[in-house]
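The values are calculated or read from the model by the stated rules, or taken from the named source; none is laboratory data. Just so it is clear, the model here is predicted, and its values are computed rather than measured. No Cβ is skipped: glycine too gets one built from the backbone with ideal geometry, and neighbour counts run over all protein chains shown. Accessible surface is based on the protein model in full, side chains and every heavy atom, while ligands, DNA and RNA are left aside. Shrake-Rupley method; radii C 1.70, N 1.55, O 1.52, S 1.80 Å.
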Amino acid sequence: MVPSPCKNVCRMDEPSGLCTGCGRTLDEIALWSVLDDDDKRAVWAMLPERLARLPADLQNLSPEP
């Protein structure tokens, strides 16, 4: 079973369309529970590059209290 990359930092960066916590798109987040393991691994493979493209001040933000 492939785990979710969610880091509980659910904020979308509008210009990129990516979550600043995990790097997924809204569609990937919404469909995660129905994707098969191969598709989940494909998403995981894209996340490091996506997160690296985000502006430094948006990377790995902590959730608001």
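How big is the charge dipole of the chain about its Cα centre, in debye rounded to the nearest 20, if each Lys and Arg gets +1 on its Cβ and each Asp and Glu gets -1 on its Cβ?
180 debye
Cα-based Rg (one decimal) and Dmax (whole number) for the chain, in Å?
11.5, 35
Against the longest alpha carbon principal axis of the chain, how many degrees, from 0 to 90 and to the nearest 10, is the axis of helix 37-53 turned?
Around 20 degrees separate the two axes.
Just the accessible area per residue of the chain, please: how many Å² with a 1.4 Å probe?
On a per-residue basis, 68 Å².
First compute the accessible area of the chain with a 1.4 Å probe, then give the percent of it belonging to carbon and sulfur atoms.
After summing per-atom areas, the C and S share lands at 58 percent.
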